[in-house]
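Q: Can you read through this structure? Questions will come right after.
The values are calculated or read from the model by the stated rules, or taken from the named source; none is laboratory data. In this text the structure is predicted, and so the values were computed from the model without any measurement. Cβ placement follows ideal geometry from the backbone for every residue including glycine, while neighbour counts extend to all protein chains displayed. Protein only, heavy atoms only, side chains kept; ligands, DNA and RNA dropped before computing areas. Shrake-Rupley method; radii C 1.70, N 1.55, O 1.52, S 1.80 Å.
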Amino acid sequence: MNAYAVIETGGEQIRVEPGRFYDVRHSASLRPNLSSPNTKILIYRVLMIYHESTINLGHPWLGGAVVKGRILQSRLENRITIHKRRSGKKTRRKLGHRQNLVRFVVDSICPNGKDLYE
């Protein structure tokens, strides 16, 4: 673990490392129907970067910091089943939901627009 960053995307804060893939809910920048596989993405909402025992924190985001990656695939999350029941009324209802997800891989973390390993 040489370097990692904490980013905000899809309403979540995720710790990301270069070379690993992550599943996130699609947001405006990661729409599954508009983005095809191997589409390059840039994520500017970087909250924190850790590299060689130094920590850079943003208020709320780091200025000029970018996480570069590419989309691997769009997919659906596992089904969530919701059961609604009213006791004594003999009323039952079963619903299901699947969230759209985008799987992307992080290629590099750039604190000032430059790659850490250049």
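Q: Looking at the stretch 34-47 only, could you name the residues that are open to solvent by 100 Å² or more (accessible area, probe 1.4 Å), of a type outside the set (D, E, K, R) and either outside any loop (DSSP other than H, G, I, E, B) or touching a residue at least 24 places away in the same chain (Cβ under 8 Å) (or both)?
A: Result: Asn38, single match.
Q: For Arg70, indicate whether it is at pLDDT 90 or above, open to solvent by less than 80 Å² (accessible area, probe 1.4 Å) and of a type in the set (Lys, Arg).
A: In short, yes.
Q: I need the full set of residues from the stretch 48-61 which are over 14 Å from Ala3 (Cα atoms) and open to solvent by less than 30 Å² (accessible area, probe 1.4 Å), in order please.
A: Correct list: Gly58 only.
Q: Could you list all residues from the stretch 74-90 that are closer than 15 Å to Arg103 by Cα, exposed (fewer than 15 other Cβ atoms within 10 Å of the Cβ) and not acidic (Asp, Glu)?
A: Arg75, Leu76, Asn78
Q: Also, I was wondering about something else. Which residues, taken from the stretch 13-27, are surrounded by fewer than 17 Cβ atoms within 10 Å (Cβ to Cβ) and either modelled with pLDDT of 90 or more or within 14 Å of Val106 (Cα to Cα) (or both)?
A: Of everything in the stretch 13-27, those that are surrounded by fewer than 17 Cβ atoms within 10 Å (Cβ to Cβ) and either modelled with pLDDT of 90 or more or within 14 Å of Val106 (Cα to Cα) (or both) turn out to be Gln13, Arg15, Glu17, Gly19, Arg20, Phe21, Asp23.
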